[in-house]
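The values are calculated or read from the model by the stated rules, or taken from the named source; none is laboratory data. All of these numbers come straight from a predicted model, not from anything done at the bench. Please note: Cβ atoms are built from the backbone with ideal geometry, for glycine as well, and neighbour counts cover all protein chains shown.
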Amino acid sequence: MAQQSKSRKLDQYIVRFPDGMRDRLKELAEEHNRSLNAEIIDHIHKGLEHERLLSVIDSREREIALLSTQSTELIESTTRREERLYTDLVTLRRLQPENEALKETIKSKDEIIENLQESISLMRMMNEMQRLNVSLLFAILDEAEAGSDDLLQKTIAHRKIVPTPEQEKDAEQLVLEMRRVAKIKSKTS
């Protein structure tokens with residue numbers, strides 16, 4: 001018995017072809033210069049490859065649909081975000097003059113506060129000077145009461161402001177009045 005080739009030992013199947021298919025496969029086998037079996041195997045291989053490619057295409061189409069949905073959602077989200085940013089920008093531009101006015105108001109209030117603080121400081125100094133002047137006046141009066149006007153004369157001599165003639169007259173009147181009051185007090189005591 002002649003030895004069978006290895007390809008003959010492989011699984012063999014009996015296939016029933018629909019009418020005309022066997023003839024069409026023979027024609028294709030002759031066109032491609034191969035056996036009917038090789039032509040059938042090639043068509044089976046192409047059919048399986050076609051199914052695999054359809055599966056890949058289907059998978060890719062699902063990915064594309066998902067990406068399309070995601071990109072649509074992203075575009076809508078970005079559009080909403082841009083609309084909010086635009087609204088915020090319009091609001092900021094509208095508030096800009098008010099903000100500048102508030103800055104100026106705060107600046108002017110700061111200046112007012114600074115001026116008030118300076119005024120308070122000056123008033124404190126004036127109060128202290130007035131207190132010292134009152135103390136000096138009482139000391140002069142006490143001395144005048146004792147019969148002396150030395151402190152009054154020294155105070156007049158050391159003052160830094162040069163009095164006008166009218167102020168000189170007023171000072172002399174004050175000295176005379178102080179002396180008169182001092183004499184009256186000394187007589188009654």
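Quick check on my filter: what residues within the stretch 37-54 are farther than 17 Å from L25 by Cα and basic (K, R)? Before the answer, list the steps.
Of the residues in the stretch 37-54, the ones farther than 17 Å from L25 by Cα are 48-54.
The one that is farther than 17 Å from L25 by Cα and basic (K, R): R52.
Within the set of pairs 6 or more residues apart or between chains, which connect a residue that is under 18 Å from H43 (Cβ atoms) and at pLDDT 80 or above inside the stretch 1-30 to a residue that is surrounded by 11 or more Cβ atoms within 10 Å (Cβ to Cβ) and acidic (D, E) with Cβ atoms less than 7 Å apart?
Within 7 Å, the pairs are L25/E39; L28/E39; A29/E39.
If you go through the stretch 32-52 one residue at a time, do you hit one that is of a type in the set (G, A, S) and not in a helix (DSSP H, G or I)?
There is at least one residue in the stretch 32-52 that is of a type in the set (G, A, S) and not in a helix (DSSP H, G or I).
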